[in-house]
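Right, one structure below, let's go through it.
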Amino acid sequence: MRPKAGDPAPDFSGVTTDGSKVQLKDFGGRKLVLYFYPMDDTPGCTAQACSLRDSSAEIRQKGAAILGVSTQDGESHRRFTKKYDLNFPLLADTDRAVARAYGTIGGGLGGALRGMLGMAERVTFVIDEQGRIAHVIDDVDTKDHARQVLALL
């Protein structure tokens with residue numbers, strides 16, 4: 001079940017691009033743009049990541065951190081980060097626990113197909129300073145995702 005605006009954000013933990021452990025509570029007191037994407041280094045996922053990269057300073061000025069999540073492993077994330085000079089961490093959700101907690105894997109016909117392939121759906125959650133879901137972006141504009149996010153911060 002996907003959380004909706006007003007719900008407490010599901011707790012999560014995992015390992016990021018640089019090997020650091022991260023948890024939801026690490027972002028307490030500030031906003032978090034938690035975005036799920038299907039796969040590293042594909043056209044849509046690259047456009048989305050680069051949009052957020054290019055506007056990350058503005059997003060940070062609005063008091064938010066960015067964390068990308070997909071089911072690829074840390075090595076895949078490191079290559080993707082290096083190739084596109086991403087300036088925010090990616091979480092390697094290889095066991096799909098975070099995607100399941102946020103309802104981004106296996107839902108609907110398309111989601112079921114992606115789930116069978118081990119890929120999360122493209123969904124962004126804006127989590128507020130108190131750890132509640134403030135906004136859910138289901139209809140992601142990959143090329144201009146930062147604009148969508150900034151409009152909600």
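The values are calculated or read from the model by the stated rules, or taken from the named source; none is laboratory data. Please read all numbers here as calculations on a predicted model, not as lab measurements. As a convention, Cβ positions derive from the backbone with ideal geometry for all residues, glycine included, and neighbour counts pool all protein chains shown.
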Scan the range 30-78 residue by residue and report those that are among the hydroxyl-bearing types (Ser, Thr, Tyr) and within 17 Å of Val123 (Cα to Cα). Tyr35, Tyr37, Thr42, Thr46, Ser51, Ser70, Thr71
Going by what's in this entry, would Gly68 be described as of a type outside the set (A, V, I, L, M) and either in contact with a Lys or Arg (Cβ under 6 Å, 6 or more places away or on another chain) or modelled with pLDDT of 95 or more (or both)? yes
Tell me, which helices (runs of 4 or more DSSP H) lie completely within the range 1-115 with 2 or more residues that are crowded, with 20+ Cβ neighbours inside 10 Å? 43-54, 74-84, 97-101
Can you find even one residue in the range 74-84 that is aromatic (Phe, Trp, Tyr) and more than 22 Å from Pro8 (Cα to Cα)? yes
Note on the range 9-65: residues more than 16 Å from Leu86 (Cα to Cα) and charged (D, E, K, R) are Asp11, Lys21, Lys25, Asp26, Arg30, Lys31, Lys62
Only residues in the range 129-142 that are farther than 17 Å from Pro10 by Cα count as the first member; pair them with residues that are aromatic (Phe, Trp, Tyr), Cβ under 9 angstrom, at least 6 apart or cross-chain, and list the lot. Val140/Tyr35; Val140/Tyr37; Thr142/Tyr37
Filter result (within 16 Å of Val22 (Cα to Cα) and out of contact with any strand residue (DSSP E or B) (no Cβ under 6 Å at 6 or more places or on another chain)) within the range 47-77: Ser70, Thr71
Residues of the range 125-152 that turn out to be more than 20 Å from Ala57 (Cα to Cα), surrounded by fewer than 18 Cβ atoms within 10 Å (Cβ to Cβ) and touching a Gly at 6+ places or on another chain (Cβ under 8 Å), as a count: 2
